1. Chymotrypsin sites (Phe, Trp or Tyr not before Pro) within region 244-333: which are DSSP loop residues with at most 12 other Cβ atoms inside 10 Å?
2. Would you mind counting up the charge near Arg218? Only other residues with Cβ under 10 Å from its Cβ, with Lys and Arg at +1 and Asp and Glu at -1.
3. Restricting to region 29-318, what percent of DSSP beta bridges are antiparallel, rounded to 5?
4. How far is it, in nm, from the label point at Glu205 to the one at Asp305 when both lie 7 Å from their Cα along the line to the Cβ?
5. Filter the trypsin sites (Lys or Arg not before Pro) in region 265-320 to those in DSSP coil with at most 14 other Cβ atoms within 10 Å of their Cβ, and list the result.
6. What is the gain in length, in nm to one decimal, between Ser46 and Arg278 on full extension, counting 0.36 nm per residue of separation less the C-alpha to C-alpha distance?
7. Tell me which residues come under 5 Å, amide H to amide H, from Gly160 once H is placed; ignore anything under 5 positions away on its chain.
8. Could the peptides 180-193, 71-84, 153-166, 230-243 be put in order, highest first, of the mean number of other beta-carbon atoms found within 10 Å of their residues?
Amino acid sequence: MTTPESARVEPVDESVTTTTVEELRPLYRQMLAIRRLEEASAKAYSQGKIGGFLHLIIGQEAVCVGAIAALAADDYVVATYREHGHAYAKGVAARPIMAELYGKKTGLVKGLGGSMHLFDKSKGFLGGYGIVGGHVPIAAGAALAAKYRGDGKVAMCFFGEGASTIGGFAEGIALAALWKLPAVFICENNQYSMGTPLYRSLAVEDVSLRALAHGMARDRFDGDDVVKVKRRIAEAVQRARDTSEPTLVEVVTYRFRGHSMSDPGLYRTKDEVEEWKRRDPLTRSRQRLIDLGATEADVVALEDDVKAEIEDAVHFAETSPAADAYLPYVIKE
């Protein structure tokens, strides 16, 4: 059984996680909004209001929120098909995200992409991709463009541990190292490649060690503290921006639900899931806000605001017109 204890990668470094209410509050709010967005999506899916595939990030929110908080607003993010949270953390509003999941014309890509293909060029969110590992070279390409232009931008790429065995991953990091590209490659190691546990898919479970083959900087740490994620990823972002050198980072995390809505997750024991839930990044961050001096009333007000935001997004999606039955950008002769 994979447990939080067996997956530990290092003891907690208090100097890395020191924070304030002012820093932690917006991070907690983003994580909570993503959690509520995903829960609302799951409910709509079970009601038949959302079709296709739906992959939820519940349990992993601290990784995308902390990592993207280390970026500048105009940096790039490339993600997998489990990307609702990444899009939200990059500044995409809940309304167009939810409308896209519903297949509505007001969605992020006019209802034509669905859950796995969110995209917003204006926010530097360069897409969610359904081909496992196939997006890693795309992120390298975005970093190459930034280096070629000399605009100082950084490309951040998220992928799962299962993608680390895919050819596209190997090609992407090889080129990033060879050409010294300003990129940060983040492996969100959630312990399972669909339903396959680590010990059955990776001979060496430390994905970050693959950086050594390319002379690339690497890091590996737990992803249940959003402030820690922000601090450690900030080091890799700064390296990319200052020296145009890539970094491979592995963040150990866990998803509380199955691979997708069609996956009941029966390959995991209830004890394993509950053990990881005790390290829920949202629960930890909420308690830390209180410990730092935030009042219960302040936290409840924040949570009520998030609830209203997501309810508004659901209403917006449900009352929006359906997507056109044809591609809106047909080339005319």
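1. Numbers: sites: Tyr254, Phe256, Tyr267, Trp276, Phe316, Tyr326, Tyr329; in loops: Tyr254, Phe256, Tyr267, Tyr326, Tyr329.
Here the chymotrypsin sites (Phe, Trp or Tyr not before Pro) that fit, given the DSSP loop and packing criteria, are Tyr326, Tyr329.
2. Net charge around Arg218: -1.
3. On the way: 3 of 27 bridges.
In region 29-318, DSSP labels about 10 percent of beta bridges as antiparallel.
4. Here the answer is 4.0 nm between the modelled labels.
5. Numbers: sites: Arg268, Lys270, Lys277, Arg278, Arg279, Arg284, Arg286, Arg288, Lys307; in loops: Arg268, Arg278, Arg279.
For trypsin sites (Lys or Arg not before Pro) across region 265-320 that sit outside H, G, I, E and B with at most 14 neighbouring Cβ atoms in 10 Å, the list reads Arg278.
6. Details: separation 232, 0.36 × 232 = 83.52 nm, distance 2.64 nm.
That works out to 80.9 nm of additional length.
7. HN-HN under 5 Å from Gly160: Glu188.
8. On the way: 180-193: 25.9, 71-84: 22.8, 153-166: 24.4, 230-243: 19.1.
Per-residue Cβ counts within 10 Å, averaged per peptide and sorted highest first, yield 180-193, 153-166, 71-84, 230-243.
Rule-based calculations on the coordinates, nothing more; no lab input. Just so it is clear, the structure is predicted and the values come from calculations on it, not from any experiment. Heads up, the Cβs are rebuilt from the backbone with ideal geometry, glycines too, and the neighbour counts pull from every protein chain shown.
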